[in-house]
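Novice: Please read through the structure below; I'll follow up with questions.
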Amino acid sequence: PKGVMVEHGGIVNRLAWMQATYQLDASDRVLQKTPYSFDVSVWEFFWPLLYGATLVVARPGGHQDPDYLVEVIERSEITTLHFVPSMLQAFVEASGLERLGRVKRVICSGEALPFALQERLFARLPQAELHNLYGPTEASVDVTSWACQAGDARGMVPIGGPIGNMQCYVLDRRLEPVPVGVAGELHLAGVGLARGYLHRADLTAAQFVPNPYRSGQEDGAEDRLYKTGDLCRWLPDGTLEYLGRLDHQVKIRGNRIELGEIEAALCCHALVREAVVAAVDDRVSKRLVAYVVADDAREQEAAPTTEVLQRFLRESLPDS
């Protein structure tokens, strides 16, 4: 619902960092399968075209079909592809992964990556690297990265450290740094930050605040901090661990969702008095569950069914 103004310079920085880190070349074949309304599609389109690799475009909706993905990855000899963790979970359980010997790097972002899923991916595609990236919509796709390590004794997957020309700070409510190992809100600075929210000066001022840790005297990319709302902590090795949200926002299949928006929409139904929405993780995928209380003043009318409420929500909320 908020228009985020991301600059071309931030995207160029993100692509240049990606190439310096992963060294794509003419032997690589990148699968473009992310819908173009999602920011990951930007690097899927432009990274291979900038550096001479082959771009292979999946059919519309193909990103949701694990069997189709196995077929196209094998047929097109894909070396590089991206998943949000919820789709990676479905993909690693598909049959035929042993035929995908050309895959050499899998990039994961959009949600927290469970350690068990990391280990499953390494078991099914032992020749492939797995990279965990993190970034909010208010920055240029991703701002931190981590090269996953099979069998990591910590039993968790960090989000790593900042990419080129980005800075990360874990701060308390007074914008003071917290010690290593102590949880705080992740703040970002650098060339990848968005300008702010379109026609929302109030919201921009609340989320993009002056940076007390800027290193230079000139005006520039380090002038502002973006308050991510994400709870993180520094680990002893200098990497970041993601711990969750500070508010009621959740992520499902890489999409940021405000539970309060759905609750408000449900309460607009004439037969609903109260509603609570929660994100439920059943180990296979995360889904939304709504609990509603019917309006006592309308006892003569039947309580709305699940199907009725789902149709009602589709009138005002986007499809999943």
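Any read-out appearing in this document is the output of simple, stated calculations on the displayed coordinates, not a laboratory observation. These figures come from a predicted structure and were not determined experimentally. Here the Cβ positions follow ideal geometry from the backbone for every residue, glycine too, while neighbour counts run over all protein chains shown.
Novice: Roughly how big is the chain's charge dipole about its Cα centre, with Cβ charges of +1 (Lys, Arg) and -1 (Asp, Glu), in debye to the nearest 20?
Specialist: I would put it at about 480 debye.
Novice: Counting only pairs 8 or more places apart or on different chains, how many lysine pairs in the chain have C-alpha atoms closer than 23 Å?
Specialist: Number of lysine pairs found: 7.
Novice: Let me ask something additional. For the stretch 27-104, what is the charge dipole size about the Cα centre, in debye to the nearest 20, if Lys and Arg each add +1 at the Cβ and Asp and Glu each add -1 at the Cβ?
Specialist: 180
Novice: Further, regarding this structure: Please return the longest stretch of the chain lacking exposed loop sites, where GluC sites (Glu not before Pro) count only if DSSP places them in a loop and at most 11 other Cβ atoms lie within 10 Å.
Specialist: Longest stretch, sites excluded: 1-217.
Novice: Tell me, how many Å apart are the Cα centres for the stretch 117-131 and for the stretch 36-61?
Specialist: One Cα centre to the other: 22 Å.
Novice: Quick one: compute the contact order of the chain, relative version, from alpha carbon pairs under 8 angstrom and 6+ residues apart, as a percent.
Specialist: Relative contact order for the chain comes out at 14 percent.
Novice: Name the residue from 91, 186, 20 whose Cα lies farthest towards the positive end of the charge dipole of the chain, charges +1 on Cβ of Lys and Arg and -1 on Cβ of Asp and Glu.
Specialist: Result: 20.
Novice: What full-extension length gain, to one decimal in nm, is calculated for residue 115 and residue 50 as 0.36 nm per residue of separation minus the Cα-Cα distance?
Specialist: 20.1 nm
Novice: At what distance in nm do the modelled label points of residue 75 and residue 137 sit from each other, each positioned 7 Å from its Cα along Cα→Cβ?
Specialist: Using points 7 Å along Cα→Cβ, the separation is 3.4 nm.
Novice: Relative to the Cα centre, what is the charge dipole magnitude of the stretch 87-195, using +1 at the beta carbon of each Lys and Arg, -1 at the beta carbon of each Asp and Glu, and rounding to the nearest 20 debye?
Specialist: Charge dipole, the stretch 87-195, about its Cα centre: 280 debye, nearest 20.
Novice: Please check the chain for the longest run free of chymotrypsin sites (Phe, Trp or Tyr not before Pro) that are loop-located per DSSP (anything but H, G, I, E, B) and have at most 14 other Cβ atoms within 10 Å.
Specialist: After excluding every exposed loop site, the longest remaining stretch is 37-212.
Novice: So the label point goes 7 Å from the Cα of residue 213 along Cα→C-beta, right? Which residues of the stretch 164-185 then have their backbone N under 14 Å from it?
Specialist: Hits in the stretch 164-185 for residue 213 at 14 Å: 166-185.
Novice: Cα gyration tensor of the chain, axes a ≥ b ≥ c as square roots of the eigenvalues: rounded (a/c below 1.5), prolate (a/b > b/c) or oblate?
Specialist: Here the chain falls in the oblate category.
Novice: Here's a follow-up. Could you give the nm distance between label points at residue 147 and residue 123, where each point is 7 Å from its Cα heading toward the beta carbon?
Specialist: Rounded to a tenth, the inter-label distance reads 2.5 nm.
Novice: Follow-up. Just tell me, in residue order, which DSSP H segments of the chain are both 18 angstrom or longer along the helix axis (alpha-carbon based) and at least -0.5 in mean Kyte-Doolittle hydropathy.
Specialist: 8-22
Novice: Towards the positive end of the charge dipole of the chain, with charges on Cβ (+1 Lys, Arg; -1 Asp, Glu), say which of 316, 53, 221 has the farthest Cα.
Specialist: Value: 53.
Novice: Between residue 223 and residue 67, with labels modelled 7 Å along Cα→Cβ, what's the label distance in nm to one decimal, could you check?
Specialist: A separation of 5.6 nm, rounded to one decimal place.
Novice: Under the definition of Cα pairs under 8 Å and six or more residues apart, what whole-number percent is the relative contact order of the stretch 127-186?
Specialist: In percent, rounded to a whole number, it is 24.
Novice: Please identify the longest segment of the chain free of exposed trypsin sites (Lys or Arg not before Pro), where exposed means a DSSP state other than H, G, I, E or B and no more than 10 other Cβ atoms within 10 Å.
Specialist: Of all site-free stretches, the longest is 1-172.
Novice: By the gyration tensor of its Cα atoms, with a ≥ b ≥ c the square roots of the eigenvalues, what is the shape of the stretch 168-232: rounded for a/c under 1.5, prolate for a/b over b/c, or oblate?
Specialist: It is oblate, given that a/c is not under 1.5 and a/b is not larger than b/c.
Novice: Before rounding to the nearest 500, sum -39500 (n - 2.57) across all DSSP H runs of length at least 4 in the chain and divide by the residue total; then give [θ] at 222 nm in deg cm²/dmol.
Specialist: After summing the helix terms and dividing by residue count, I get -7500 deg cm²/dmol.
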